[in-house]
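Data first, discussion second: the structure below is written as structure tokens.
Read-outs throughout are calculated quantities, based only on the coordinates presented, and are distinct from any laboratory measurement. Model, not experiment: these values are computed from the prediction. Positions of Cβ are backbone-derived with ideal geometry, glycine not excepted, and every protein chain shown enters the neighbour counts.
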Amino acid sequence: MPGGWSKLRDVRKLAETRAEFEFDIPVAELPGIPSDVAAAGGSLHALLRFGREQGFAIADIALRGAVQALCQRCTQAVAVSMDTDSRLAVVESEPDADAVPAGWDTYLALEGRLDLAALVAEEVLLALPIVALHEHAACRPPAAATAEEPQAEPVEERTRPFADLRALLERGAKPK
Ligand SMILES: [Zn+2]
């Protein structure tokens, strides 16, 4: 059932029926994902299990795969591994979230309506590093590659007055 993740579901029903979902979701279909990550494409494997614990609707979410982010050093694509297992209490309002036992992570599904794609997207956003970087040594800033050659630039700047002076002297010394 392709695209089955993108519809609003009733949280209570999901919890009561202990619903389970397993699907590969295209990264581009995750709402709120940074545009460079979405544009790089690919898909993630998601396993979602719902249930109830201490009266709260619970979602166990496991993600496997990788997304492509932009390396902030060399500006090339860098694979960010998504290997997450989370348990969230799915609450229907902010006051409900306050009632959740300390240490539980919560996910707000307004009016008890849950979009599986949005839930997966939230997990991906949490797992994405604020600054994505390659770990290999070949990763260099594009500016650094060009900065190595024209290092003479500032030196030239400093000697120019003398060069100008020499030019003036030479010009003045030249017989008319
Ligand atoms: Zn890089």
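Positive contributions from Lys and Arg (+1) and negative ones from Asp and Glu (-1), summed over other residues with Cβ under 14 Å from the Cβ of residue 76, come out at 0. Around the Cα centre of the stretch 10-86, unit charges on the Cβ atoms of Lys, Arg, Asp and Glu (plus for the first two, minus for the last two) sum to a dipole of about 100 debye. Applying 1/(1 + (r/R0)^6) with r as the Cβ-Cβ distance of residue 135 and residue 24 and R0 = 25 angstrom yields a FRET efficiency of 0.40. Here the stretch 68-95 is scanned for amide nitrogen atoms under 20 Å from the site 7 Å beyond the Cα of residue 12 along Cα-to-Cβ, giving 89-95. Shown in residue order for the stretch 113-118 are the 3J(HN,Hα) couplings computed by the Karplus curve 6.51 cos²θ - 1.76 cosθ + 1.60 at θ = phi - 60°: 10, 10, 9, 4, 4, 5 Hz (x for Gly and Pro). For the stretch 78-95 versus the stretch 16-32, the inter-centroid distance based on Cα atoms is 12 Å.
Farthest toward the positive end of the dipole of the stretch 1-123, out of 99, 89, 59, is the Cα of 59, where the dipole comes from beta carbon charges about the Cα centre. When only alpha carbons are used to place a centre, the stretch 128-143 and the stretch 110-127 end up 28 Å from one another. Phi-derived couplings, Karplus 6.51 cos²θ - 1.76 cosθ + 1.60 at θ = phi - 60°, listed residue by residue for the stretch 54-60: 6, x, 9, 5, 10, 10, 9 Hz, with x used for Gly and Pro. For residue 90, the amide hydrogen comes within under 5 Å of the amide hydrogens of 57, 58, 59, 107, counting only partners 5 or more places away or on other chains and with H modelled in the peptide plane.
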